[in-house]
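Student: Pasting a structure below so you can have a look.
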Amino acid sequence: VETKRLRPKTVILMWNPSISDYKMEGFESDLEMLVESSGFSGFTWEVWDHENAKYGDDFYMIKVGPGVNGVVMHGSLESSPYEGEDWSGRGRKVFYSELDIDEMIHPDKCPLLTSDELAAEIPDFDWYEGHSGRVLTKEQAKKINSLWKKYLKGNEEIFKPRAFKF
């Protein structure tokens, strides 16, 4: 039985729908499922820094690539990273974690906490590309958590039940 850390770390997951096997259609389907049922399970994502990430750590998923970039998902790791089959088919050693998703934000239909805003406040992290599943330092984590709280407060209307229309 895994137990949550008293002070969870913060993991940054990257998603580029133009190269990922998880496309925008899948995101929209999962978002609709989250809105309609207040949750779903079985969602996993690659964690590069698997030795430092654990069950209970916070995560932010950053959409990168073409279009608007920024935070599209927030929650916690529902499992410690475990080795699995390489999603890209290249035979790499890949580790995944199950995710417990609190919020999903459609990047084309809602305002985001953008990569540009993150880069302005946390310039020592690449918010535009890089491996998925990198663990932030304590200082970086404090800054993104503060930005996230400010974002949530300024965008409360998009998180009200059934506020999102497909």
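Student: For segment 132-148, just list the computed ³J(HN,Hα) in residue order, Karplus coefficients 6.51, -1.76 and 1.60, θ = phi - 60°, integers in Hz, with x standing in for Gly and Pro.
Tutor: 8, x, 8, 8, 7, 6, 4, 5, 4, 4, 4, 5, 5, 5, 5, 4, 5
Student: Here's something else I'd like to know. Could you work out the Rg to Rh ratio of segment 68-118, with Rh taken as the Kirkwood radius (inverse of the mean 1/r over all Cα pairs)?
Tutor: Dividing the radius of gyration by the Kirkwood radius yields 1.09.
Student: Also: For N52, list long-range residues whose amide hydrogen, built 1.01 Å from N in the peptide plane, is under 5 Å from its own amide hydrogen.
Tutor: none
Student: Calculate the all-directions average of the projected area of segment 32-81's alpha-carbon convex hull, and give it in nm².
Tutor: Mean orientational projected area (segment 32-81, Cα hull): 4.3 nm².
Student: How large is Rg over Rh for the chain, taking Rg from the Cα atoms and Rh as the Kirkwood inverse mean of 1/r across Cα pairs?
Tutor: Radius of gyration relative to Kirkwood radius: 0.93.
Student: When DSSP assigns beta bridges and you keep just the ones with both residues in segment 1-126, what percent turn out antiparallel, to the nearest 5?
Tutor: 75
Student: Moving on to the next point. Take each of the peptides 135-148, 97-110, average the number of other beta-carbon atoms within 10 Å over its residues, and list them starting from the highest.
Tutor: 97-110, 135-148
Student: Here is a follow-up. Quick one: which of 60-66, 13-19 comes out on top by average Cβ neighbours within 10 Å, and what's the full order, highest first?
Tutor: The peptides rank, most packed first, as 60-66, 13-19.
Student: A further question on this structure: Distance from a point 7 Å along Cα→Cβ of D126 to each backbone N in segment 56-82: keep the residues under 20 Å and list them by number.
Tutor: Inside the label zone: 60-72.
Student: As a test of the formula, what do you get for the chain when each DSSP H run with n ≥ 4 contributes -39,500 (n - 2.57) and the sum is divided by the residue count, at 222 nm and rounded to the nearest 500 deg cm²/dmol?
Tutor: -7000 deg cm²/dmol
Student: Per residue of segment 117-123, in order, report the coupling 6.51 cos²θ - 1.76 cosθ + 1.60 (Karplus, θ = phi - 60°) as ³J(HN,Hα) in whole Hz, putting x for Gly and Pro.
Tutor: Here the 3J(HN,Hα) series is 5, 5, 5, 5, 8, 10, x Hz.
Student: Using the heavy atoms of the protein chains alone and a 1.4 angstrom probe, what is the accessible area of segment 20-161 per residue in square angstrom?
Tutor: Value for segment 20-161: 52 Å² per residue.
Student: Continuing with the same structure: What nm distance separates the two modelled labels at K138 and S29, each placed 7 Å from Cα along Cα→Cβ?
Tutor: Once both label points are built, they end up 4.3 nm from each other.
The values are calculated or read from the model by the stated rules, or taken from the named source; none is laboratory data. Model, not experiment: these values are computed from the prediction. For neighbour counting, all protein chains shown are included, and Cβ atoms are generated from backbone atoms with ideal geometry for every residue, glycine included. Side chains are part of the model used for accessible areas, which takes the heavy atoms of the whole protein and leaves out ligands, DNA and RNA. Shrake-Rupley method; radii C 1.70, N 1.55, O 1.52, S 1.80 Å.
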